[in-house]
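Q: Would you mind keeping the following structure in view while I ask a few things?
The values are calculated or read from the model by the stated rules, or taken from the named source; none is laboratory data. Just so you know, these numbers come straight off a predicted model, no measurement behind them. Cβ: placed from backbone, ideal geometry, glycine included. Neighbour counts: every protein chain shown. Each accessible area value is taken on the protein alone, full model and side chains, heavy atoms only, with ligands, DNA and RNA left out. Shrake-Rupley method; radii C 1.70, N 1.55, O 1.52, S 1.80 Å.
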Amino acid sequence: MKQLNRQSSLSKQHRPHHHRLSLSRSLASCLLREQRLLFVLLGFLLASSFFLLYPSLTPHPNTLSSSARDTIAARIPRGGGASSVVSAAARRLPVGVRKPSLRVVVTGGVGFVGSHLVDQLLAGGDSVIVVDNFFTGRKENVAHHLSNPRFELIRHDVVEPILLEVDQIYHLACPASPVHYKFNPIKTIKTNVMGTLNMLGLAKRVGARFLLTSTSEVYGDPLEHPQKESYWGHVNPIGVRSCYDEGKRTAETLTMDYHRGAGVEVRIARIFNTYGPRMCLDDGRVVSNFVAQVCVNL
Ligand SMILES: O=c1ccn([C@@H]2O[C@H](COP(=O)(O)OP(=O)(O)O[C@H]3OC[C@@H](O)[C@H](O)[C@H]3O)[C@@H](O)[C@H]2O)c(=O)[nH]1
């Protein structure tokens, strides 16, 4: 017995090298076998902590510092803003890859200008919702789209709010000809002020880009010819046209305040004397008046 003990104690103190290796291997296999669950849990914790930490290692565009965002914006061609990151990327899409289809609302979309805009948006592959109260617009202007699954028509007065999930808002709802906007001047200015306020509120709520179709009437009776966009105008605030002129000026003010104050991405287009198919001959605008007089005097 003593010899046996001595042998084992000898082996402990002077054990050859290969004996120590086999011991460490057997120790490791024992640990692995006995503590397998512990190792699994440890691996799970390591993996989950990596993936939990990973997103914060790559800042989300919205968490970029303003200077970083400005840098990015500076690299994006004209159009600014987050949604132009998509449009800029779309412009760089490989040949044959379609640009992403956008959801667009067009207020006043059955009108003269609006219906042509709807044609272009649908032709470009976007989905369009037209919001219109049919005060001056005509359904036949968009009848050719009624069977299109990417087209929706809603009879709605923009003086009342509406909630739509969209990417872009084109706001054209307003009577444009003096004959129509003088018919009910209080309704005209309500449409310009309340209607624009509702559509800007929607743009802010859903993060949509917003375009206001304004008019040359914001210059009133201009003292500067031709008018630069920086010209402030010369407008009568109490005249019979003020419901439209001042209404559109207020709409522009609201548009810029939502941009400066709420970061809504906006555009303002001051449209002058448009003419073409679908315009009413008797709506009292200058070009239609010329055409009407020519027709009458033929
Ligand atoms: O309260 C209203 C008034 C009008 N509308 C609609 O708005 C549309 C206006 O279309 P119109 O043909 O009268 O006018 P246009 O399309 O020529 O001009 C329109 O686009 C260009 C802008 O500068 C004008 O201010 C805008 O009226 C119509 O479909 C009309 O029904 C509303 O939806 N709500």
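Q: Please state which one of Lys204, Lys228, Lys190, Lys248 is more than 20 Å from Val113 (Cβ to Cβ) and within 13 Å of the ligand (Cβ to nearest atom). Steps first, please.
A: Values: Lys204 fails: within 13 Å of the ligand (Cβ to nearest atom); Lys228 fails: within 13 Å of the ligand (Cβ to nearest atom); Lys248 fails: more than 20 Å from Val113 (Cβ to Cβ).
Going through Lys204, Lys228, Lys190, Lys248 in turn, the sole match is Lys190.
Q: If you check Arg260, Arg278, Arg249, Arg270, which single one turns out to be open to solvent by 30 Å² or more (accessible area, probe 1.4 Å), in contact with a Phe, Trp or Tyr (Cβ under 6 Å, 6 or more places away or on another chain), of a type in the set (Lys, Arg) and assigned by TED's automatic domain parsing to the domain that holds Ala176?
A: Details: Arg260 fails: in contact with a Phe, Trp or Tyr (Cβ under 6 Å, 6 or more places away or on another chain); Arg249 fails: in contact with a Phe, Trp or Tyr (Cβ under 6 Å, 6 or more places away or on another chain); Arg270 fails: in contact with a Phe, Trp or Tyr (Cβ under 6 Å, 6 or more places away or on another chain).
None of the other options fit; the residue is Arg278.
Q: Going through segment 112-148 one residue at a time, which ones are more than 23 Å from the chain's Cα centre (by Cα) and either at positive phi or near the ligand (Cβ under 8 Å from one of its atoms) (or both)?
A: Selection gives Phe112, Asn133, Phe134, Phe135, Thr136, Gly137, Arg138, Asn141.
Q: Residue by residue through segment 100-127, note down the ones that are in a helix (DSSP H, G or I) and surrounded by fewer than 18 Cβ atoms within 10 Å (Cβ to Cβ).
A: First, pick out the residues of segment 100-127 that are in a helix (DSSP H, G or I): 112-123.
Hits for segment 100-127 are His116, Asp119, Gln120, Ala123.
Q: Being in contact with a helix residue (DSSP H, G or I) (Cβ under 8 Å, 6 or more places away or on another chain), more than 10 Å from the ligand (Cβ to nearest atom) and open to solvent by 40 Å² or more (accessible area, probe 1.4 Å) is the filter here, so list the residues in segment 281-294 that pass it. Can you show your working first?
A: So in segment 281-294, the residues in contact with a helix residue (DSSP H, G or I) (Cβ under 8 Å, 6 or more places away or on another chain) come out as 281-285.
Filter once more, keeping what is more than 10 Å from the ligand (Cβ to nearest atom): 281-282, 284.
Hits for segment 281-294 are Leu281, Asp282.
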